[in-house]
């Protein structure tokens, strides 16, 4: 490692590949991602998101990954997507302190996310806006993908992850959507529509079916996990569903990378090794994989910045087009290059 | 701390209360739980479950907590509940090794959970059984509580968490149920019933409404979080929903304890302090609360064993009866004592 | 795990051996320790201590381990031993709060150790007492073992680790002794004796030589690491020294257990696996070993309490007698049983 | 955070200052360091080193910090300095795997440091070289600073930390030097010189006295901790020694930053907050301070690279000259600028 010779983030991560411990691991994460982008079989690339990523200041980074076309499907906790919408409607994240007096913050309607504050009144306003706008969604059961695509189109902030995904046709799933402030908005809508025979209804299991659809129509898959949680577990479980439900011949994800602050020895899914997932067949026996132990506010900008620096390596990577008919999908490659230079 | 004088787990945790660091914290967790049990306002006690608790050997411990009546509502990841069912149908957890060769395990259909193996063929069998049995559920939208109550009654193993909860009338929710092998069974059911106008449908948002019902009908609430994840976030968020949706006057949870391996400084919800939740109003300004950093396979048996040792302190604690009418609930105290000695 | 059937800590840890994750690991730690105690070759058992163990309330537990004869040599950070002396001279550890205002504590001369306070004026008094009493030590170079044996005999509190070790003839080393408040006392002594041709002088390298002596005169060795730090590294390195300096035929430690809060993937010695130490030859190829990830205030009372509960298993275990001639040692077994019942 | 606009590491860390969680903390670490460098009182800047920093590939980075003049005194574990010498004598660190079979590595004399291998035979050769070369050191008691200065001058590799420090007159201390392979070399020397009335002898307590000298002759001090361990504790404790021994009027360190993977809630010194040190008076009441939770192989190149990018901000920073007379020191500023552009 020679910092006098680092000329950018691409350069830095290339140097990291020759060091050790977590710097090496992060360098390998870049390598795995780039390999997935250059694979001529054009794997479908899933991005799993958990943790306080918007509070961490990563909204633009995540939106860019979608916009550049280096990820094809997004699976996220509801909280990440909600805070994206909160900013779309003008909400702010303020610099705060992790040792603040929380009872005093309560008095002034500031809600704390570790070292960041959000505006509780604006949160309530956003929740109610979501509740109202849901009335414009067709009164029928729907997947989180359909509903989040709808929200993305209705909050068209160019800096927004959801809006960018909607514009680019990138499917966004949230398998635990009710567990978020979007869920609060949905609860307000539920309450207002309880009596009705026809109403919008989050048909959670349909998400699973649609995930299986994508998997079975992809020649190969790659997974990029920022944190663990429900998104990691669900994307991995999708392989098992695909095998059972469709007799798909059991190749797991072919490329896999994760940045995480969790550890394997607590036995949980979030921190479990990508090797462990091989025993389940969720990750392919021959997968290239890498896991770096670094918090996302540091790790993700390094990865994304290195990808951007080295974009010559994946320029021309074709985008995927998802043609949905109800809960079924066809996937094809778009001719235009992934990134418009 | 004088180990020559420890006469049982109740005694141990009492000694812990006079030490420091995580032993003291664990001792305080016991104190908070016991305070909740002795509060004459009879708070409703939520138990949030995440992590590999069944693999960790805690099935009987969790089932006992439900049976003793020291928790009133269970909110869990799907994985915990699934592995409960897997054992109800005869599935086993084997002692394994965290350094096993996962590709070899793949070949013999053993799936690894850190240092424990499960039987992949038995998993598939259980998934399919869940899929089939779901056909017997009424063909209509339902909450996870309704569905899990149904499963608990159909797999009546006395050692089972779900069966014990069903027998005791304890509501069990799983806000991310589709993200588990139960979700795989549900996907098989979805696939088989896609065309039908009437079918069972997991109405995820209804869970939120039912949670709000319980909160608004409880004079006070207590929360016990084993790990973090979706259960912690969802139970906490319930307070916000209750305030918005019902104009409930914003007291947060009045007792709160958590055992966790996560840390505050990653900024995520799982490791966030119970103080932070006060800024959101999710935990009451005046709540008694405690958080111990210890992995659940060690921490939970200590807590539960101490409760059991000291059961004279909460004997006579009345059970709650939940009378559901659709998605609405009335809660009353049962006269009989919580634990039949 | 069935907490209704736990009859004590011995029983608890036996149940832990049949569970998984860190409970199983802690159960295995007990097994390794008991195996070392029952080995007819009578291995020399090293206890390595680091972390805030006295603040954690473990003074009596550590003193008991020495008194029972289940450890033969103690290697510790200076801080643990210093706080032992601080209590011998009447110093107290008070229950404090980790979120206290440290600038206010400064004003009232309370020093914080996470959630515990100590008395700064009493600290200064103890430091000065150590400085003065050092004048009574012979004016020559000496090892930390000689010096700590001297301190143990001069502060004869029966609850003291150092005093109990002195009474029992258990060698105590502190390879980084200057890095502690004992070092402050020694600095005061150094300052007062700078000009003198003959003075007490901590001959640090002699510690290494004496460690090698013990290793080369032991048929086998066992290591018990509470935390990592300098004690773990130094006891492990001793094997390498013994091999180089004395052509000892390179068997590493034969039994090894550690409880730690550190993790392997940061690459440091404290969290490194006991397997890694095998590549260095520090741990024997055939060693039985176990590592549990649990903080010592919880983990050590469980281990020590289980040993005590099950003392019938190691009663009669002969103590070792260390006969020192300068920096050389002979080791023999004492006939009397380890523990006087 | 906008990775499309990052033009280098200086720029990256400036952006980090406006984000949150650990990225913000790392950005603040840079700010604290730069403030120390621009303080017209010219604080003496201590660098505390622990962890597998050479294995991590950071040798050149650490050597650069010394060479640039952005640190004035180095305090390190013995292992970091030993591996510096091992490379000076031609030793290599090889890319390995954390899941290697350690018994097989043992057979081929490869020693593993997490994911890196070192050459055991070359280690032994280096240890013996250190033992021999120590014969050329004056036969008298000496501090680790004197001895390490000697080693630095005898292994004059321009890429070496010790050699660069020797050339630049930067004092290097190692308060637990015997706990390292340098200690193994010293043990060989001890063994060969046991009988002699005059011999080199590591006078550990003299280190403390010399540290106090530096502190009492510095108008202000700054501390930069890479990891925790003995270096952090010792540099902090120096303040207490200085106050006792010299009636120095108790200002603690005025600037303090740490990057660490440890956490506060285990209660240990390595992970303790810089606030906690304020209660002890080790860190000034008014100190600017920052702590980032990131492993050093990632965190240190970012910090050092940002310093380098922004060197215009500290160019002209005068070096310190330490004039030692025995164990006493005078400190003055050198006129030439810190960095030769």
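General observations
- The lone criterion from (1) more than 10 Å from chain B (Cβ to nearest Cβ); (2) more than 24 Å from residue B:198 (Cβ to Cβ) left unmet by residue A:177 is number (1).
- Residues that are surrounded by fewer than 23 Cβ atoms within 10 Å (Cβ to Cβ), facing another protein chain (nearest Cβ under 9 Å), more than 26 Å from residue D:288 (Cα to Cα) and in contact with a strand residue (DSSP E or B) (Cβ under 6 Å, 6 or more places away or on another chain) do occur in segment D:84-99, at least one of them.
- Extreme residue, surrounded by the most Cβ atoms within 10 Å (Cβ to Cβ), among residues of segment A:171-188 that are touching a strand residue (DSSP E or B) at 6+ places or on another chain (Cβ under 8 Å) and assigned to a loop (DSSP other than H, G, I, E, B): A:175
- Considering the conditions (1) more than 30 Å from residue D:313 (Cβ to Cβ); (2) within 11 Å of another protein chain (Cβ to nearest Cβ), residue D:138 is excluded by exactly one of them, (2).
- For the criterion of being closer than 26 Å to residue C:229 by Cα and within 14 Å of chain A (Cβ to nearest Cβ), residue D:8 fails.
- Residue within segment C:303-323 that is touching a strand residue (DSSP E or B) at 6+ places or on another chain (Cβ under 9 Å) and within 12 Å of chain B (Cβ to nearest Cβ) present: yes
- Residue within segment C:151-170 that is under 30 Å from residue C:281 (Cα atoms), crowded, with 22+ Cβ neighbours inside 10 Å, in contact (Cβ under 8 Å) with a residue 40 or more places away in the chain and more than 12 Å from chain D (Cβ to nearest Cβ) present: yes
- Filtered residue count, segment B:208-227, keeping only those that are more than 12 Å from every other protein chain (Cβ to nearest Cβ) and assigned to a strand (DSSP E or B): 5
- For residue B:51: the one exception among (1) within 30 Å of residue B:217 (Cα to Cα); (2) part of a helix (DSSP H, G or I); (3) at the interface with chain C (Cβ under 10 Å from one of its Cβ atoms): (2)
- Residues of segment B:14-48 that are facing chain C (nearest Cβ under 10 Å) and in contact (Cβ under 8 Å) with a residue 24 or more places away in the chain: B:22, B:25, B:26.
- The numbered conditions (1) in a helix (DSSP H, G or I); (2) surrounded by fewer than 24 Cβ atoms within 10 Å (Cβ to Cβ) are all true for residue C:23 except (2).
- The set of residues from segment A:135-145 being assigned to a helix (DSSP H, G or I) and surrounded by fewer than 24 Cβ atoms within 10 Å (Cβ to Cβ) comprises A:135, A:136.
- The residue list D:292, D:306 contains one member that is modelled with pLDDT of 95 or more, assigned to a strand (DSSP E or B) and surrounded by 16 or more Cβ atoms within 10 Å (Cβ to Cβ), which is D:292.
- Qualifying position, being more than 7 Å from every other protein chain (Cβ to nearest Cβ), surrounded by 24 or more Cβ atoms within 10 Å (Cβ to Cβ), touching a strand residue (DSSP E or B) at 6+ places or on another chain (Cβ under 9 Å) and part of a helix (DSSP H, G or I), among B:259, B:239: B:239
- For segment B:121-131, a tally of residues being more than 7 Å from chain A (Cβ to nearest Cβ) and either touching a residue at least 40 places away in the same chain (Cβ under 8 Å) or surrounded by 21 or more Cβ atoms within 10 Å (Cβ to Cβ) (or both) returns 6.
- Segment C:189-207, residues that are in a loop (DSSP other than H, G, I, E, B) and facing chain D (nearest Cβ under 7 Å): none
- Residue that is surrounded by fewer than 22 Cβ atoms within 10 Å (Cβ to Cβ) and either at negative phi or in contact (Cβ under 8 Å) with a residue 40 or more places away in the chain (or both), where the choices are B:108, B:73, B:118: B:108
- For segment C:255-271, the set of residues classified as in contact (Cβ under 8 Å) with a residue 24 or more places away in the chain and more than 18 Å from the chain's Cα centre (by Cα) consists of C:263, C:268, listed by residue number.
- Qualifying residue in segment C:107-115 (condition: modelled with pLDDT under 95, in contact with a helix residue (DSSP H, G or I) (Cβ under 8 Å, 6 or more places away or on another chain), more than 14 Å from chain B (Cβ to nearest Cβ) and more than 22 Å from residue B:21 (Cβ to Cβ)): yes
The values are calculated or read from the model by the stated rules, or taken from the named source; none is laboratory data. Keep in mind that this is a model prediction, so the values were computed, not measured. Here Cβ is always computed from backbone atoms with ideal geometry, including for glycine, and neighbour counts include all displayed protein chains.
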